[in-house]
Amino acid sequence: MSVRETPPPVPDVFDPRRYGDGVPYAAYRVLRDHHPVAWQDEPEVLGWPAGPGFWAVTRHADVVRVLKDPAAYSSHLGATQIRDPDPADLPFVRRMMLNQDPPDHGRLRRLVSRAFTPRRIERFEASARERARTLLARGLDGARAGDGTCDLVADVTDDYALLNLADLLGVPESDRGLLLHWTRRVIGYQDPEEAGEPLRDGTGRPLDPRSPAALRDMFAYARDLAAHKRSRPADDLMSTLATDPELTEPELEMFFFLLTIAGNDTVRSAAPGGLLALAGHPEVYAGLRTGRLELAPAVEELLRWHPPVLTFRRTAVTDTTLAGRRIRAGDKVVVFHASANHDERAFTDPGRLDPARTPNPHVSFGDGPHVCLGAHFARLQLRVLYGEMLRVVPAPRVAGPPVRLVSNFINGIKSLRLHVT
């Protein structure tokens with residue numbers, strides 16, 4: 001850019017409604033090239049109140065720097081969602097591991113890591129494979145009886161993510177629909193179609209879905225389930241956590257919330273996004289199906305291409321500087337995972353789906369001390385599901401545009417119709 005050229009204006013990447021049409025990669029490119037740390041206004045939208053605004057961080061190196069430096073960019077001060085919680089709810093929200101900084105975060109992470117081990121997760125591979133086969137067979141049967149298409153989200157991926165998580169947690173079969181209900185209410189709160197009518201307080205204002213009042217039913221269930229597991233322990237996460245003497249009841253309730261929401265929606269969002277990418281790249285699909293391309297690195301590339309989480313928020317602890325911008329203590333700093341994953345400074349030809357890409361330093365599971373605790377479990381589920389899809393569907397084709405979640409947080413797909421026969 002010459003000295004006479006004026007940089008383009010800062011595009012809005014806050015409005016959740018933008019994401020209902022697709023991830024705004026062109027806007028991200030403008031930000032990365034001209035405004036890598038850019039101020040975003042936070043107006044009232046979809047009935048939710050206005051906020052003070054935040055810094056949008058879009059380059060890969062800056063995103064990693066923020067995520068790896070909790071001393072400068074705190075998860076605890078204002079929690080990790082763009083919208084500020086009600087000040088009265090902040091102490092409650094801070095109890096969650098996701099919203100803590102070292103050393104408290106490390107203590108809780110170590111406790112839950114005892115239960116959330118790769119060895120336990122690997123034992124779920126056989127059941128996940130059988131579940132994928134059953135759900136795909138159901139979808140194919142419906143497609144053969146109809147117009148040759150199926151909705152991969154309704155017929156396969158929603159149930160696949162939900163049932164795998166329920167098995168891992170040890171939630172009884174009769175209660176598993178509750179997990180999806182709570183996930184939709186918390187994750188999809190910006191999307192009226194997904195969340196339904198919001199819960200409201202006594203004045204008629206919508207309740208923050210992460211507030212104590214909105215989570216009362218989930219926490220009551222967590223306490224009942226923990227009591228059941230203490231009297232009848234089994235080989236599942238809730239049995240291990242409920243019988244851990246170092247874990248308090250409030251901490252256990254927060255773990256149930258975190259595992260239910262994050263554990264379900266990570267795969268629930270990533271799986272249809274990966275299948276959509278494969279259907280749109282038939283040469284990659286054919287290469288994976290014949291074994292010419294390896295599935296494990298392809299899973300990483302599909303995660304880079306369609307990260308389940310779009311953004312996470314931190315709060316500046318002190319006055320600092322990032323990419324030449326002066327950030328004041330208390331300012332909100334929001335990292336954009338999907339932008340970082342398409343940064344030309346970190347990835348060669350990021351607009352090309354390269355199933356053999358190496359290295360592939362995507363940040364779809366975060367980075368630093370808060371890197372996703374369930375990443376191993378998510379990768380296992382995606383590898384199994386994609387493998388079964390490759391086995392039974394010769395050449396899927398997109399039958400219509402996907403219906404996307406209205407959210408600036410989760411990269412969700414609510415409906416994805418594919419030709420599968």
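In whole angstrom, note down how far apart the Cα centers of segment 201-220 and segment 289-351 are. A separation of 31 Å, based on Cα centres.
For Val309, nonlocal amide neighbours, meaning residues 5 or more places apart or on other chains whose placed amide H falls under 5 Å from its own, are Asn411. Note on Thr117 and Asp33: the extension gain reaches 26.2 nm, defined as 0.36 nm multiplied by sequence separation minus the Cα-Cα distance. Of the solvent-accessible surface of segment 42-190, computed with a 1.4 Å probe and all protein chains present, 54% belongs to carbon and sulfur. Excluding same-chain neighbours fewer than eight residues apart, the aspartates and glutamates reachable from Lys414 by a Cα-Cα span under 13 Å are Asp21, Asp151, Asp155, Asp158, Asp159, Asp191, Glu193, Glu194, Asp265. In terms of the mean number of neighbouring beta-carbon atoms within 10 Å, the peptides 77-88, 220-231 order highest first as 77-88, 220-231. Per residue, the chain reaches -13500 deg cm²/dmol at 222 nm when only DSSP H runs of four or more residues are counted, each adding -39500 (n - 2.57). Modelled spin-label separation between Arg107 and Ala61, with each label point placed 7 Å from Cα along the Cα-to-Cβ direction: 3.7 nm.
Per-peptide packing, taken as the mean over residues of other Cβ atoms within 10 Å, places 339-349, 166-176 in the sequence 339-349, 166-176 from highest down. For a paramagnetic label modelled on Asp12 (point 7 Å from Cα along Cα→Cβ), amide N atoms under 16 Å away belong, within segment 30-56, to 39-54, 56.
By definition, a body whose alpha carbon gyration tensor gives a ≥ b ≥ c is oblate when a/c is 1.5 or more and a/b is not larger than b/c, and segment 117-273 fits this oblate description.
Averaged per residue, the chain has 42 square angstrom of accessible surface, using a 1.4 angstrom probe with ligands and nucleic acids left out. Each residue of segment 295-301 was assigned a 3J(HN,Hα) from its phi angle through the Karplus curve 6.51 cos²θ - 1.76 cosθ + 1.60 (θ = phi - 60°); the sequence is 6, 4, x, 5, 4, 4, 5 Hz, with glycine and proline shown as x. Taking the accessible area of segment 302-421, probe 1.4 Å, and keeping the other protein chains in place, the carbon and sulfur fraction comes to 53%.
Prolate is the label for segment 55-145, because the ratio a/c of its alpha-carbon gyration tensor axes (a ≥ b ≥ c) is 1.5 or higher and a/b is greater than b/c.
Once both labels are positioned 7 Å from their Cα atoms along Cα-to-Cβ, the gap between Glu294 and Thr320 label points is 3.6 nm.
Using the Cβ-Cβ distance between Arg133 and Glu246 with R0 = 35 Å, the FRET efficiency computed as 1/(1 + (r/R0)^6) comes to roughly 0.35. For GluC sites (Glu not before Pro), the sites in segment 276-343 that DSSP calls loop and that have at most 12 other Cβ atoms within 10 Å are Glu294.
Other residues lying with their Cβ under 13 Å from the Cβ of Asp147 contribute a combined charge of +2, Lys and Arg counting +1, Asp and Glu -1. Of all lysines in the structure, the ones whose alpha carbon falls short of 20 Å from that of Lys68, not counting any fewer than 8 places away in one chain, are Lys332. Calculated FRET efficiency, Asp69 to Ser174, Cβ-Cβ distance, R0 = 45 Å: about 0.50 to the nearest 0.05.
Return the distance in nm (one decimal) between the two label points of a simple spin-label model at Asp41 and Arg144, each offset 7 Å from Cα along Cα→Cβ. Roughly 5.7 nm, to one decimal.
Suppose a student asked you for the relative contact order of the chain, using Cα pairs under 8 Å spaced at least 6 residues apart; what percent would you report?
Rounded, it is 26 percent for the chain.
The values are calculated or read from the model by the stated rules, or taken from the named source; none is laboratory data. What you see is a predicted model; the values in this text were computed from it and never measured. Note that each Cβ is placed from the backbone with ideal geometry, even for glycine, and that neighbours are counted across all protein chains shown. Keep in mind that these areas ignore ligands, DNA and RNA; they rest on the heavy atoms of the full protein, side chains included. Shrake-Rupley method; radii C 1.70, N 1.55, O 1.52, S 1.80 Å.
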